[in-house]
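The structure under discussion appears below in the form of structure tokens.
Every number here is computed from the coordinates shown, using simple stated rules; none is lab data. Predicted model, so just to flag it, every value in this text is computed and none were measured. We place every Cβ from the backbone using ideal geometry, glycine too, and count neighbours over all the protein chains shown.
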Amino acid sequence: MKALLYWAGVFVAVGLIATGVTVAVLGYADTAGPDGAVRGYFAALTDADAPTALAYGMVPDGSHTLLTDEVLREQQRIAPLQDATITGVRRHGDTATVAVRYVLAFPDLALPISAEIQVHKSSGEWRLDRVAIPVRLRASEGSQRQSVLGSALPTGTVLLFPGALPISLDTRYLQLDPSVDNVAFDSPPLINVNLAVTAAGRAAFTRATLAAVRTCVTGPRDPACPLPDERYVPGSVRGSVDGGLRATIVSLVPGEAVGSMDLTGRATVDGSYLRLNFHNRQVAGHGRVDISVHAVAYAVAPVQVRWASS
């Protein structure tokens, strides 16, 4: 009986050892070879583990200030890096090109990215030729509302891991443009940071503009209020707005560092008005008129509407 227990223990121990060896071999296989190195690198990015990601290859020249766990977590917060998949390997001796595909899951867009990553063999291990991408960020619209971990955008060349740009905005009415606001292995050295108005920004601006139109036709006469065309006397359209705004287009005003929104649309007013006839004399009228609306506002709450010339 003791002999049987002894040999049973031996078999269990051997089984555990074999299992451990198998797990170790499989774990090594996951990161062995040119494809394994790339797979391990992207796993580190997904885990927001900057030191491990950097250990998979060479770090190019440039500022290392953004190659941190904190920045990686911010990139993952803005757009999680998901579904990294090796799609091909071309090997030439001790060098290889590994094709990889992954997705950046922005809130309103799952952006697919394809990249070819160069790797090489060094001291028996495969390593990435570079584990970070040197870029320079240039912001135009809304630059005053952008920051990286609470600081202004860097002005020189910095190194970044692939993923979303780690840029935060101080207003929920603006967002990064997913199609361009990311860094990848084939990114150009200069990345223009583009912003877009969010759905919340469009909704808030539209509501505020409609309220301002209603004030125009019911409140104190304001010559700055929108008109159907230039033949109508400023401030003379009085009545009620029939329905809401139509054909509205909301965009970001180009070139403004403060981040301003621009809205164009139309509104129908049922009421009275004064209009110049062909002799430039004021003629009173009554009925439904279609007003051309053009407004601007800073992309912050509460939205303060200002009338703009069409």
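For this structure, a couple of remarks:
- Projecting the Cα positions of TRP307, CYS216, VAL71 onto the charge dipole of the chain (unit charges on Cβ atoms of Lys, Arg, Asp and Glu, taken about the Cα centre) puts CYS216 furthest along the positive direction.
- P(r) for region 13-197, from all Cα pairs and a bin width of 10 Å, is 9, 35, 32, 15, 6, 2, 0 %, short bins first.
- Ranked by the mean number of other Cβ atoms within 10 Å of their residues, highest first, the peptides 230-241, 176-187 fall in the order 176-187, 230-241.
- Paramagnetic label reach from ASP94 (point 7 Å along Cα→Cβ; backbone nitrogen cut-off under 18 Å): within region 116-135, residues 118-130.
- Projecting the Cα atoms of HIS279, ASN182, LEU54 onto the dipole axis of the chain, where Lys and Arg carry +1 and Asp and Glu carry -1 at the beta carbon, places HIS279 farthest toward the positive end.
- Rounded to the nearest 20 debye, dipole of the chain from Cβ charges on Lys, Arg, Asp, Glu: 940 debye
- Charge sum, other residues only, whose C-beta stays under 13 Å from ALA184's C-beta, Lys/Arg counted +1 and Asp/Glu -1: -1
- On the basis of the beta-carbon distance and an R0 of 51 Å, SER168 and ALA247 show a calculated FRET efficiency of 0.95.
- On Cα atoms only, tilt of 2-31 relative to the major axis of the chain in degrees: 50 degrees
- Pairwise centroid distance, computed over Cα atoms, of region 83-156 with region 234-285, Å: 47 Å
- Magnitude of the charge dipole, region 69-220, Cβ model with Lys/Arg +1 and Asp/Glu -1, debye to 20: 320 debye
- Value of D in µm² per second that Stokes-Einstein yields for the chain, Kirkwood Rh from Cα pairs, at 10 °C (1.306 mPa s): 66 µm²/s
- For ARG130, the shell of other residues with beta-carbons less than 13 Å away shows a net charge of -3, using +1 for Lys and Arg and -1 for Asp and Glu.
- Computed over the chain, the per-residue total of -39500 (n - 2.57) for DSSP H runs of n ≥ 4 gives a 222 nm mean residue ellipticity of -8500 deg cm²/dmol, rounded to 500.
- Computed E for SER63/GLU125 - FRET, C-beta separation, R0 35 angstrom, nearest 0.05: 0.85
- For the peptides 280-288, 162-170, residues were scored by their other Cβ atoms within 10 Å and the scores averaged per peptide; the highest-first order is 162-170, 280-288.
- 0 to 90° range, to nearest 10: angle between helix 69-78 axis and the chain longest Cα axis: 50 degrees
- Packing-based order for 108-119, 82-93, using average beta carbon neighbours within 10 Å, highest first: 108-119, 82-93
- Environment charge of LEU210, counting only residues whose C-beta is closer than 12 Å and scoring Lys/Arg +1, Asp/Glu -1: +3
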